[in-house]
Structure formats: structure tokens, C-alpha cells
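The values are calculated or read from the model by the stated rules, or taken from the named source; none is laboratory data. Computed from a prediction, not measured in an experiment: that's the story for all the values here. Note that each Cβ is placed from the backbone with ideal geometry, even for glycine, and that neighbours are counted across all protein chains shown.
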Amino acid sequence: MAESSTRGPLETFSDQLDAFNSHDVDAFVDTYADDAVIHGLLDDPLLGRDAIHAFYAPRFDDPQLRCTVENLVVYENRWVVAHEVVWRTGTQTTTIGMFDIVEGKISRAMLMKA
């Protein structure tokens, strides 16, 4: 994985996606800033790396969990917007993910599920 200070938004997003698909929760969480916020997964946002880790760790136990990216756009060398399809056991979800990436780390994410 690239150093966060040299990692651009597309590389950060790709590292996050690779960690998700390999079920590596520590590498996944490492792509997020210490004070990162994720909206759209629960009623309340996930605040910080500990909350992100706690949410994703049990999900990564699902051997069928994976994500593919159907379309991807990078704006202003900072924002990544992705049309994603996520599979879990018995479920397929289409998601639009918007990621605000600052200095090689995801600072904010908004996940809108169809």
C-alpha cells in the first residue's frame, strides 16, 4: 500500500477497494483519516477509525462479501464518486459512494444505497 502522503485520491480509493475485497479490515481502516466520518450505513454516521473498524470487522467474515465498481469519476484531485455493486451472502446492493480524500486518506464518505 502506498504512503498516504504520496497517495492520490484514485490510489487511495483503489487501496480501500482492494482491502475491502480481500477482507483486510486493518488495511481498509488505514485508508481512512483518524477522524473520518461515514454517512449512510446506519441512522447515525460512523465517527472515527474505531467505529469504522467495529462496523466492518464482522462484515468481513462473510466469504461472499465483495464490491465491484461499475463507474468512477475523480473531481478536482480530491473527490471520488463511484457506482458500486456490493455482494453479501444473500444480498446484492447498488450504491453510490462519494469519498472526500485529503492527503491520501478518506476524510468523509457518503454511501447511498438503491
Q.
Would you confirm whether or not region 75-92 contains a residue that is of a type in the set (A, V, I, L, M) and farther than 19 Å from residue 28 by Cα?
A. no
Q) Which residue pairs have Cβ atoms under 7 Å apart, sit 6 or more places apart or on different chains, and have a first residue in region 81-99 that is free of Cβ contacts under 8 Å to residues at least 12 places away in the same chain and a second that is surrounded by fewer than 17 Cβ atoms within 10 Å (Cβ to Cβ)? A) 92/85
Q.
Between 66, 78, which is farther than 19 Å from residue 9 by Cα and basic (Lys, Arg)?
A. 66
Q.
Test of understanding: among 25, 37, which residue is touching a His at 6+ places or on another chain (Cβ under 8 Å) and under 25 Å from residue 70 (Cα atoms)?
A. 25
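One line per residue, one yes/no per condition, for (1) over 14 Å from the mean Cα position of the chain (by Cα); (2) touching a residue at least 24 places away in the same chain (Cβ under 8 Å):
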| site | (1), (2) |
| --- | --- |
| 19 | no, no |
| 27 | no, yes |
| 30 | no, yes |
| 51 | no, no |
| 73 | yes, no |
**Q.** Test for residue 109: is it over 22 Å from residue 7 (Cα atoms), surrounded by 14 or more Cβ atoms within 10 Å (Cβ to Cβ), among the small types (Gly, Ala, Ser) and modelled with pLDDT of 95 or more
**A.** no
Q. When only residues in region 39-56 that are touching a helix residue (DSSP H, G or I) at 6+ places or on another chain (Cβ under 9 Å) and surrounded by 13 or more Cβ atoms within 10 Å (Cβ to Cβ) count, which is farthest from residue 25 (Cα to Cα)?
A. 45
Q) Among 66, 88, 59, which is the only one that is closer than 19 Å to residue 114 by Cβ, surrounded by fewer than 17 Cβ atoms within 10 Å (Cβ to Cβ) and touching a Phe, Trp or Tyr at 6+ places or on another chain (Cβ under 6 Å)? A) 66
Q) Just wondering, is there one or more residues in region 13-36 that are surrounded by 16 or more Cβ atoms within 10 Å (Cβ to Cβ), closer than 11 Å to residue 105 by Cα and touching a Gly at 6+ places or on another chain (Cβ under 6 Å)? A) no
